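Working notes, structure below.
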Amino acid sequence: MTRQLKIGDITVEVTLKHIKNLRLSVHLPTGRVRISAPAWMSLENIRLFAVSKLGWIKKQQGRVRRQDRETPCESLAHKNHYVWGKLYPLTVAESDRAPAIELENDRIWLRVRPGTDQRRRQALMECWYRGQVKEALPPLIEKWQSLMGVSVNRFFVQRMKTRWGSCNPVAGNIRLNTELAQKAPECLEYVVVHEMLHLLEPTHNARFKALMDSFLPNWRLLKNQLNRR
Ligand SMILES: [Zn+2]
């Protein structure tokens with residue numbers, strides 16, 4: 001059971017559990033305060049405990065804020081990043097735990113170990129974007145396999161400099177650009193349809209366009225949207 005306690009301007013999430021002792025934590029990188037308490041303990045006693053720890057809580061939250069501020073002004077920090085067509089500000093937080101990226105409270109939190117350099121941060125972001133595309137692909141491929149009557153052997157998501165995707169009709173493989181995770185989801189679908197259509201028609205001839213028109217009538221719009229920066 002989770003409840004919320006308000007102490008001044010601090011919100012504490014209280015979870016009652018079958019444990020013996022109170023546990024207090026300030027969550028990085030968000031600065032969220034949590035208390036796990038024994039199930040039998042009254043909310044009033046938990047409040048008293050939290051009040052007695054207020055100094056410590058504020059110190060921890062100050063650390064979180066300082067970390068945000070002290071993030072060096074590099075190209076990756078203080079930059080906005082698109083995720084599925086929506087713009088999010090990025091906050092880099094340093095912490096001794098394993099690196100992670102989370103979308104929370106309308107921002108991207110990039111958690112890295114202290115001293116992680118710019119290249120590594122960029123690599124983490126790219127890996128995360130790649131995971132986003134990899135996760136979005138299977139349902140799309142499944143949907144269009146049955147609509148088109150084709151079968152994709154394997155798919156790959158990778159960094160591509162000049163193209164959004166490619167298809168090897170002989171092997172039955174398609175490749176998608178990692179950066180598609182920054183574009184609207186409809187754009188990813190457009191590229192998937194385009195590449196899968198090459199399993200029926202390898203070239204961009206009149207037949208290819210006619211098939212595109214029948215499967216995805218608004219494909220020209222999506223293509224423009226995709227190539228707009
Ligand atoms: Zn093509």
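Going by the structure shown, is N153 farther than 30 Å from L124 by Cα and of a type outside the set (D, E)?
Answer is no for this residue.
Only residues in the range 45-62 that are among the basic types (K, R) count as the first member; pair them with residues that are surrounded by 13 or more Cβ atoms within 10 Å (Cβ to Cβ) and modelled with pLDDT of 85 or more, Cβ under 6 angstrom, at least 6 apart or cross-chain, and list the lot.
R47/L5; K53/L24
Exactly one of (1) surrounded by 11 or more Cβ atoms within 10 Å (Cβ to Cβ); (2) closer than 25 Å to N80 by Cα; (3) charged (D, E, K, R) is unmet by R220. Its number?
For R220, the failing item is (2).
Out of all the residues in the range 165-173, is one or more within 11 Å of the ligand (Cβ to nearest atom), modelled with pLDDT of 95 or more and polar (S, T, N, Q)?
yes
Only one of (1) modelled with pLDDT under 90; (2) of a type outside the set (D, E); (3) loosely packed, with under 13 Cβ neighbours inside 10 Å is not met by A98, so which one is it?
In the conditions (1) modelled with pLDDT under 90; (2) of a type outside the set (D, E); (3) loosely packed, with under 13 Cβ neighbours inside 10 Å, A98 misses (1) alone.
Please work out which one of (1) part of a loop (DSSP other than H, G, I, E, B); (2) within 15 Å of the ligand (Cβ to nearest atom); (3) out of contact with any strand residue (DSSP E or B) (no Cβ under 9 Å at 6 or more places or on another chain) is the condition M160 fails and give its number.
All conditions pass for M160, except number (3).
When only residues in the range 196-213 that are within 9 Å of the ligand (Cβ to nearest atom) and part of a loop (DSSP other than H, G, I, E, B) count, which is nearest to S146 (Cα to Cα)?
The qualifying residue nearest to S146 (Cα to Cα) is H198.
Taking K53 and the conditions (1) surrounded by 13 or more Cβ atoms within 10 Å (Cβ to Cβ); (2) at pLDDT below 85, which numbered condition does it fall short on, given that it satisfies the others?
Every listed condition holds for K53 apart from (2).
Quick one: is E195 among the charged types (D, E, K, R) and crowded, with 17+ Cβ neighbours inside 10 Å?
Considered against the rule, which asks whether it is among the charged types (D, E, K, R) and crowded, with 17+ Cβ neighbours inside 10 Å, E195 comes out as yes.
Anything in the range 126-157 that is assigned to a helix (DSSP H, G or I), of a type outside the set (D, E, K, R) and surrounded by 17 or more Cβ atoms within 10 Å (Cβ to Cβ)? List them, or say none.
Scanning the range 126-157 gives W128, Y129, Q132, V133, A136, L137, L140, I141, W144.
Tell me the strands (runs of 3 or more DSSP E) entirely within the range 2-49 that contain at least 2 residues that are basic (K, R) and surrounded by 13 or more Cβ atoms within 10 Å (Cβ to Cβ).
32-38
The values are calculated or read from the model by the stated rules, or taken from the named source; none is laboratory data. Everything numeric here is computed off the predicted structure, so don't read it as measured data. Cβ coordinates were reconstructed from backbone atoms using ideal geometry, including for glycine residues, and neighbour counts include every protein chain displayed.
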